[in-house]
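Notes for the one structure printed next.
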Amino acid sequence: MATVMVKRPARRPPPEMPSGEVVLEAPPEIPAPSGRQWTHLMSMLPMIAVMAAMLIMFSGGIAGGLRIAVFGLFALAMLGMAVMAFVNGAGPASGRWGRHGVSTCVGWRSTASVC
């Protein structure tokens, strides 16, 4: 196995540094919270209900009364997620454009017909 020597050309000189004062614009203002942060916490309750139902369901044999409670937790979680979807989706911040005017469509399916 041989070593190949590579002769590289000389580096070009760096660009000239700008002189004078650089003026920057102020960053945009951060909008005030909408006051609906509680809805994010409330949307976690159905997820906790699903976790509890799965924990009970997969922990072993479930009797007749416990089986009804598990199915009731799943039904409660479905209804809770539907209610929170309507609550979080209501208002001027919903739709294709998010709260800050940025499109919520991301990825390779981000065409207007899909979003």
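The values are calculated or read from the model by the stated rules, or taken from the named source; none is laboratory data. Since the model is a prediction, treat every value here as computed from it, not as a measurement.
Looking at this structure, is SER110 under 29 Å from ILE30 (Cα atoms) and modelled with pLDDT under 50? Before the answer, list the steps.
Working: under 29 Å from ILE30 (Cα atoms): yes; modelled with pLDDT under 50: yes.
So SER110 passes the test.
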Residue under evaluation ILE30, criteria (1) within 31 Å of the chain's Cα centre (by Cα); (2) among the hydrophobic types (A, V, I, L, M, F, W, C); (3) assigned to a helix (DSSP H, G or I); (4) modelled with pLDDT of 80 or more, criterion not met
(3)
Please work out which one of (1) modelled with pLDDT under 90; (2) in a loop (DSSP other than H, G, I, E, B); (3) not acidic (Asp, Glu) is the condition ILE56 fails and give its number.
(2)
